[in-house]
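Before any comments, here is the structure.
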Amino acid sequence: MTGKLRGLHSYWHVPGERPLPYRRLALPTWLLGVLSWQRHAGPIDLLADQPTADWLDALGLLDGYDRVEVFDATEFDGRYRRAECFALPKLLGMARHPGSVLVDTDAFLLGELRLEGTGSHFAHLERGDAPFYARLHEVANPAGVSLPPSLPYVGNTALFRAADADLARRISAAGLAFLDGNPGTPGRDAALHMTVAEQVLATHLTAEAGHEVVNVFGALWSPHDRHWEVGPPAFGHLWHLKRYHQPGGLAAAYARVSRILRDEYGVGEARLRELVADL
């Protein structure tokens, strides 16, 4: 590793449960995300609410972080619905730790990570002409946050670092303002507002500030027909399995993640069983 990159997991407890096969996969992947970052990039920290910190502590995962910061979620619960604003702590992380690389808890590295160039770094790009991203001017926006009518490409923030601290804080402020009392638009995808708040605004404000949108792994995803036009990236990420409900894919991913943990990180079968024992 030539230069250390500080990573940041950001999370808060979201009500409801995903199907058992996904939950069985999520915890080993969380562990792999921490271990792979420390091996291939640098230290990794956690920004979380107290229930998440307590949960991770009970699972023996909290001590794996280099630093832990617990935030008080009280001020946010009256204004943001957790189910729709599931990634809101990432917006908090942008403002509080603008120099860190935000990385999703359902993602992991497969090799050394280098962030080349001076722009904003995104895990990969998605086509902006997909129906999911269409007609952004029609999205509910009571705060009047500046949104582009459309974007040719949208940066995926499964891994993200803004070009500079000022831009990180502007993205954070814009995203929080957009989501404030505004969890969704009737008739649109339930995940759209959260995606606008982090991915669309991160891409739009980066370009508006004159910075390059850097595609870290050089991959391009088509949300319309759900395939990689270029790629897939050399980066593990469970989002597509979580969103598109692929039972066979979940089993294959669990086998892959477990194998990597055993063979490359020395995590024993007993530890893997322990992680999912209470599911």
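The values are calculated or read from the model by the stated rules, or taken from the named source; none is laboratory data. Just so you know, these numbers come straight off a predicted model, no measurement behind them. Counting neighbours? That spans all protein chains shown, and the Cβs are built from the backbone with ideal geometry, glycine included.
Quick notes on this structure:
- Verdict on ALA277 being part of a helix (DSSP H, G or I) and out of contact with any Cys (no Cβ under 9 Å at 6 or more places or on another chain): no
- Just one of the listed residues (ALA174, ALA158, ALA107) is of a type in the set (A, V, I, L, M, F, W, C), touching a helix residue (DSSP H, G or I) at 6+ places or on another chain (Cβ under 7 Å) and farther than 30 Å from GLU17 by Cβ, namely ALA174.
- GLU138 fulfils the conditions (1) under 12 Å from VAL200 (Cβ atoms); (2) modelled with pLDDT under 95; (3) over 21 Å from the mean Cα position of the chain (by Cα) except for a single criterion, (1).
- Of the strands (runs of 3 or more DSSP E) lying entirely inside region 177-264, none contains at least 3 residues that are of a type in the set (S, T, N, Q).
- Look at (1) surrounded by 19 or more Cβ atoms within 10 Å (Cβ to Cβ); (2) modelled with pLDDT under 95; (3) within 21 Å of PHE178 (Cα to Cα); (4) not basic (Lys, Arg) and you find that LEU25 fails only one, number (3).
- Scope region 162-173; condition surrounded by fewer than 18 Cβ atoms within 10 Å (Cβ to Cβ) and either outside any helix (DSSP H, G or I) or within 20 Å of the chain's Cα centre (by Cα) (or both); matching residues: ASP164, ALA165, ARG169, ALA173
- Top-ranked residue of region 50-81 - restricted to ones that are in contact with a strand residue (DSSP E or B) (Cβ under 7 Å, 6 or more places away or on another chain) and outside any helix (DSSP H, G or I), ranked as surrounded by the fewest Cβ atoms within 10 Å (Cβ to Cβ): ARG67
- Candidate set: region 1-49, residues that are in a loop (DSSP other than H, G, I, E, B) and hydrophobic (A, V, I, L, M, F, W, C); chosen: the one nearest to GLU69 (Cα to Cα): TRP12
- For region 190-245, the set of residues classified as of a type in the set (A, V, I, L, M, F, W, C), under 12 Å from ALA162 (Cα atoms) and over 14 Å from the mean Cα position of the chain (by Cα) consists of LEU201, LEU205, ALA207, ALA209, VAL213, VAL214, listed by residue number.
- Region 141-161, residues that are part of a loop (DSSP other than H, G, I, E, B), small (Gly, Ala, Ser) and closer than 12 Å to HIS204 by Cα: SER146, SER150
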